[in-house]
Amino acid sequence: MERFIRLLLSDEVVPDAQANQAFSLLVPIIERTPAATEAVESARNLIGRCPWSESSPLASVLDWWFVVTTGEPSANGGAHRLPETLDESVRNPMRAIMHLVDNHLVGGMPAAEWLQKQRSLDVRVRHKLTRVV
């Protein structure tokens, strides 16, 4: 825990291994409570210090997750420049979701919340339709 706190307080570049460790703690907090200000700010700071690289997509993927989950602006621009090294089957849906975010098509909420509500609505509608038929 001490290393995690030192990492949060640092202003140095965050290597992939340390970013993975830090986000194993931050992701569950932010996904359960997107309004957890301290966790969101810590994530923004860490992502901003992750070096962007075509060969290592972690900084971009973390930034994409941050934007989609919190509804906050990009911390390092990576959400908008997903590396070609990401498999197309992953990269294309990620870009499509960013298109929704960039064009304000998610109703003013984080895209992850919007997607979850859409899925829930789809399930409820299908359930009602099967009861009618």
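The values are calculated or read from the model by the stated rules, or taken from the named source; none is laboratory data. What you see is a predicted model; the values in this text were computed from it and never measured. Every residue, glycine as well, gets a Cβ built from its backbone with ideal geometry; the counts of neighbours run over all protein chains shown.
For region 101-133, taking the residues that are touching a helix residue (DSSP H, G or I) at 6+ places or on another chain (Cβ under 6 Å) and assigned to a helix (DSSP H, G or I), the one that is farthest from Pro34 (Cα to Cα) is identified as Val101.
A count restricted to region 1-47 and to residues that are outside any helix (DSSP H, G or I) and either of a type outside the set (D, E, K, R) or under 24 Å from Gly71 (Cβ atoms) (or both) stands at 9. Scanning region 43-92 for residues that are closer than 22 Å to Gln116 by Cβ, touching an Asp or Glu at 6+ places or on another chain (Cβ under 9 Å) and either among the acidic types (Asp, Glu) or without any contact (Cβ under 8 Å) to a residue 12 or more places away in the chain (or both) yields Ser74, Arg91. On inspection, Ala96 does not qualify as at pLDDT 90 or above, of a type in the set (A, V, I, L, M) and under 21 Å from Gln18 (Cβ atoms). When we screen Pro93, Pro73 for residues that are within 12 Å of the chain's Cα centre (by Cα) and over 15 Å from Val27 (Cα atoms), the only hit is Pro73.
Pairs are defined by a Cβ separation below 6 Å, a sequence spacing of at least 6 or placement on different chains, a first member in region 1-16 that is under 14 Å from Gly48 (Cβ atoms), and a second member that is among the hydroxyl-bearing types (Ser, Thr, Tyr) and surrounded by 10 or more Cβ atoms within 10 Å (Cβ to Cβ); the pairs so defined are Leu8/Ser42. Looking at Ser10, Ser60, Ser55, Ser24, just one residue is of a type in the set (Gly, Ala, Ser), exposed (fewer than 15 other Cβ atoms within 10 Å of the Cβ) and closer than 22 Å to Arg81 by Cβ, and that residue is Ser55.
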